[in-house]
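A quick write-up on the structure given underneath.
The values are calculated or read from the model by the stated rules, or taken from the named source; none is laboratory data. All values derive from a computational prediction rather than experimental measurement. Using ideal geometry, Cβ is built from the backbone for each residue, glycine included, and neighbour counts are taken over all protein chains shown. Protein only, heavy atoms only, side chains kept; ligands, DNA and RNA dropped before computing areas. Shrake-Rupley method; radii C 1.70, N 1.55, O 1.52, S 1.80 Å.
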Amino acid sequence: MDRRTYLQSTAAALTTGALAGCSGGDGDATGTLATSVSDQPGDIGDFESCVVTVAGVWVKPVRDDATDTSTETATGESEDRTYVEFDEPTEADLVNLQGEKSRLVGEESVDTGSYEYLQLDVTNVDGTLDGGESATVTTPGDAPLKFNQSFEVRADERTHFVADFTPVQQGNGGYIIRPVASETEVRYTTETPTSETTTN
């Protein structure tokens, strides 16, 4: 299944950009979800540049088992997710985001509540190896990049989700982007955000 078909099938029961339906909120309260990307070593040393384009995120609210009526798609993902579309797709070069550096790719208002995971909607990866040749870089199954990190969105606060991932070379010579769970983190602040690359 290609990425376009995947998104169409999983979004069938959702309205793109809709933010309602998250468990734990009162339906009116919202908080800010800021999403950043970062890169741990992996095989990033092979690259002159590795530019990912992120258009939005999928978030999965925590549901009570007794009231959970969600179903799964053919890929095993729950349809009971919300797609949060960024104002515009954002590019980030992973070569420049190694170590403690991160890049803010989107910031949107989301219903307050507890969430099970976040998925990055990576629409394109443009990789150039250190020698100048192009590299094929994909996400697993060409699907949204999933981070199994629970988090909360709190009223009048800023939840900063730092999604860490890295390209890993495969046996066919291509590369696949894999989440780095040990480096992915969530911070809660009231600071004014910035769109610049940051080490915070």
Report task. Compute the length gained on full extension between Glu183 and Asp126: take 0.36 nm times their separation in residues and subtract their Cα-Cα distance, giving the result in nm to one decimal. Result -> 18.2 nm
Query raised in the report: Rolling a 1.4 angstrom probe over the protein heavy atoms, how many square angstrom per residue are accessible across the range 75-194?
Result: 47
Report summary line: To the nearest 0.05, the calculated FRET efficiency linking Asn172 and Glu100 through their beta-carbon distance, R0 being 35 Å, is 0.60
Query raised in the report: Which residues' amide hydrogens lie under 5 Å from the amide hydrogen of Thr138, considering only partners 5 or more residues apart or on another chain, with H built in the peptide plane?
Result: Tyr175, Ile176, Ile177
